[in-house]
Every structure is written in structure tokens, then in C-alpha cells.
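As C-alpha cells, the structure follows; a few thoughts come after it.
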Amino acid sequence: MPLNESSAQVYFDKDADLSVLDGKLVAVIGYGNQGRAQALNLRDSGLKVIIGNIEDEYREVALKDGFEVLSIAEACKADILMILLPDEIQAEIFNKDILPNLSENKVVDFATGYNIAFRDITGLNPPAFIDVVMIAPRMIGIGVRDTYVSGEGFFSFVGVWQDHSGSAKQILLALAKAVGTTKRGAIETTFEQEAHLDLFTEQVFGPAFGNVLRNSIKVLLEEGLYPPEAVMVEIYMSGEFSYGLKEMAEFGIVEQMDHHSPTSQYGSLSHGATFMDERLPELMRKGLKEIQSGKFAREWARVQRRGKDPLKPLKDAARNMPFIQTEKKVRENLKIKPKKDEFKRFRRITSE
Ligand code: NDP
């Protein structure tokens, strides 16, 4: 199959003009992982930001952070609405609280293309009289904040879905600059491209990679020659492999090999072909087709409608996989404890 080699448009700080946001009020709707990070960044970039949130503990965090916090419906008085609610409830909240409060030329921003790309299934249909844009960070909330503070920035996918005002692109780029992504690189995509790539990583690349990892452990443990502590540290617990991924991003897939020993380089280069099984790209293409056709989005909507927690039985089954108990023992023997739950830290602390 031919490779797509046409470059995307990538935007940096120099491409954006913050003055297009002069006098605009921004409402961050949902003060969770992304909401808190993006609200703090936008405010530190000089924008006037209010929060729309339900009455919960995150409302208290937003108040302690010094924001004016309103109900979601009231916050829609702002000119620009950043929808940073969980994807599963966005359509319901949009239709109930946001839609009745929209007026001409307001701007609605999403942090993923999912609900718009699959709008026939999700039921989120923005009216024609507003601008609809997307800043989809390739970064968790803590990273969105930390890389803003450090000045490094983070990658994101950005796009305009609907340009009613004629200025949607300039507004999008200014918001992208204020939130800190044009410092690193904001890559232009459609909402569909963003949603498909995101789902592909979650349900094709991730599980395929996980399968390689688990099979490696299985083969080594079944051999009976190697202690589980050594096997698990070798394969993933040392963090050496994740360090290698960072090196790939920085130096390139081939060039980073120079940081490894000649034995390592020779072994992986000369034996790589053994595992190039043609069934893998075929299976991956099948997974991608299910995403593109909306088959997955329909399945996910159906599962959520059932009302029962869909994750519990899946997680229970995962916990029953071979060697998960062994992993638990290995972690105890190696005295591995998570340092802290970064997500909780980020949501609960009241000052940086
Ligand atoms: P969170 O799960 O952190 O929740 C966001 C906020 O929504 C919280 O304040 C939460 O409050 C509130 N909320 C939850 N349920 C309701 C409800 N029924 N009514 C009103 N408010 C509610 O979301 P994320 O920050 O993870 O995700 C936000 C968006 O960012 C999504 O579109 C996601 O796809 C996107 N995104 C997320 C990334 C990430 O790293 N998490 C990365 C890139 C994009 P409470 O907790 O009290 O329920």
C-alpha cells in the first residue's frame, strides 16, 4: 500500500496572535484533568477565564484556585466555551445546559473530535450559528500544566469544524497559543482524523503492544529457567524500555540505536524480520475499519445505554489473566509502590 507522505500544517507561536482574544471571556466547562490545567494556562496567558462546573469537590478546587465558578448553564454567558467534560456525558450536557444558552458567533472548543466525528451516534449536533474548533492535547492534564510552566509546551491536534464567524481559525490558533500547545507544535487535523487516531492507539496499537509484552513474559516464565522478578524487570519494570521510546521520539527510530551496545543493535536489526507477521497489519486494518465505519462508536453507545458498569467485568477478567498474581508478588518482592497518584495530586492540590 502506498504511504501518505503529504505533510500536515503545523502551527507554532509565531502563527498565532493573542490579540484576537482581547475582550473575550472564556469559560472552561468541567474542572477535571484537562479543565484545571487548561484554565490555569489560559489565565496565566492573560485571558479572562471563568469555570462552569457542577457542585462537587472540583468546584471547591476551582474556587480555591481563585476562579469565579458558575453552573454550566450560567457559564455559557462567555464568548468561548472549552468543553472539558468526560466524552461520555458531553452530548447530554451540551443538549441540556449549553445549547439553550448559545447565541450567534460564540465559539465552542472540544478537546477531542469524538463526539462531533460520530455525531449521528452521540447526538451532539452544534447549531450552524456558532464556531466549532478543537484543541486535542497529546498530553495528560498534569503534563499540559507542567509543560506550560516549564515553557516546553505540548503537542496537540487542532482543527476547525465550523467557521460561522469567518475568524474561527485565528481564534483557534490564539487559544492554542494561550493554552501552551503552539510552543511545541499544533498539528492541523480534521475532527475525524483526531478521533480515528486516538481510538486506533487505544484499541489497536495499545492492545497489540500489550499482547507482545504479555507473550514475552509468558514464554520466559513457561521456560522455567528465569525468576519472575528478573523477567518482569527485564521486560518492563525497570523503565528501560519506556526510556527507549522517549529516545525514539527525540533521536529517531534508527538513530537512537547508537545509544545501545553493538550486540543489542546487531541482534535486533538482524532478527527483526522473524516477527514481521503479515497477519498483524491485516488485523490492525480490520480494527481501523471498525473505528472509521462507526462500528465501535455504535457498540460503545449501546454498552453505555445498558446502564451497568461496563468496565468492571472487563477489568475482573484482565485481573484473572495468567501471571497477574505473580506480578503482584514480584512488585511486593521488589518493593515497588506508586510514589503518588499524580491524577489525584493534580486535581486535589490548591496551589502549584
Ligand atoms: P475528567 O474525567 O477529568 O472530568 C472533567 C470534569 O467533568 C470534572 O470536573 C468532572 O467532575 C466533570 N463531570 C463529570 N461528570 C459530570 C456530569 N455528569 N455533569 C457535569 N460535570 C461532570 O475529564 P478529562 O479532563 O479527562 O477529559 C476532558 C476532555 O479532555 C475529554 O474530551 C477528553 O477526551 C479530553 N482529553 C483528555 C485527556 C486526558 O489526559 N485526560 C487528554 C486529551 C484530551 P467530577 O469528577 O466531579 O465528576
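The values are calculated or read from the model by the stated rules, or taken from the named source; none is laboratory data. What you are looking at is a predicted structure, and each value in this text was computed from that prediction instead of being measured. So basically every Cβ, Gly included, is an ideal-geometry build from the backbone, and we count neighbours across all protein chains shown. Only protein heavy atoms, including side chains, enter the accessible area calculation; ligands, DNA and RNA are left aside. Shrake-Rupley method; radii C 1.70, N 1.55, O 1.52, S 1.80 Å.
With the requirement that a residue be at pLDDT 90 or above and open to solvent by 90 Å² or more (accessible area, probe 1.4 Å), what does region 312-332 give you? Can you show your working first?
At the first step, the residues of region 312-332 found to be at pLDDT 90 or above are 312-320, 324-332.
Once the filter is applied, which keeps residues that are at pLDDT 90 or above and open to solvent by 90 Å² or more (accessible area, probe 1.4 Å), region 312-332 yields Lys312, Leu314, Lys315, Arg319, Asn320, Gln325, Lys328, Lys329, Glu332.
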So, first residue touching a residue at least 24 places away in the same chain (Cβ under 8 Å) and surrounded by 10 or more Cβ atoms within 10 Å (Cβ to Cβ) in region 1-21, second residue in a loop (DSSP other than H, G, I, E, B) and of a type in the set (Asp, Glu), Cβ within less than 9 Å, six or more apart or across chains; the pairs are Leu21/Asp79
For Val132, the lone unmet condition from (1) open to solvent by 40 Å² or more (accessible area, probe 1.4 Å); (2) touching a Pro at 6+ places or on another chain (Cβ under 6 Å) is (1)
Of the residues in region 180-213 that are within 16 Å of Ser242 (Cα to Cα) and among the aromatic types (Phe, Trp, Tyr), the one that is surrounded by the most Cβ atoms within 10 Å (Cβ to Cβ) is Phe205
Every listed condition ((1) open to solvent by 40 Å² or more (accessible area, probe 1.4 Å); (2) within 11 Å of the ligand (Cβ to nearest atom); (3) touching a residue at least 60 places away in the same chain (Cβ under 8 Å)) holds for Tyr58 save (1)
- Query: Is there a residue in region 295-302 that is farther than 30 Å from Gly123 by Cβ and assigned to a helix (DSSP H, G or I)?
  - Reply: no
Residues in region 273-295 that are loosely packed, with under 10 Cβ neighbours inside 10 Å and on the phi > 0 side of the Ramachandran plot total 0
Considering only strands (runs of 3 or more DSSP E) wholly within region 64-155, the ones with at least 3 residues that are more than 11 Å from the ligand (Cβ to nearest atom) and closer than 30 Å to Lys295 by Cα are 131-137
(1) in contact (Cβ under 8 Å) with a residue 24 or more places away in the chain; (2) open to solvent by 10 Å² or more (accessible area, probe 1.4 Å) all hold for Ser150 apart from (1)
- Message: Whether any residue in region 88-95 is within 17 Å of the chain's Cα centre (by Cα) and either farther than 20 Å from Asn53 by Cα or in contact (Cβ under 8 Å) with a residue 60 or more places away in the chain (or both) is what I want to check.
- Response: yes
Scanning region 156-172 for residues that are in a loop (DSSP other than H, G, I, E, B) and open to solvent by 60 Å² or more (accessible area, probe 1.4 Å) gives Asp163, His164
If we keep only residues of region 27-53 that are free of Cβ contacts under 8 Å to residues at least 60 places away in the same chain and of a type in the set (A, V, I, L, M, F, W, C), then the residue surrounded by the fewest Cβ atoms within 10 Å (Cβ to Cβ) is Ile50
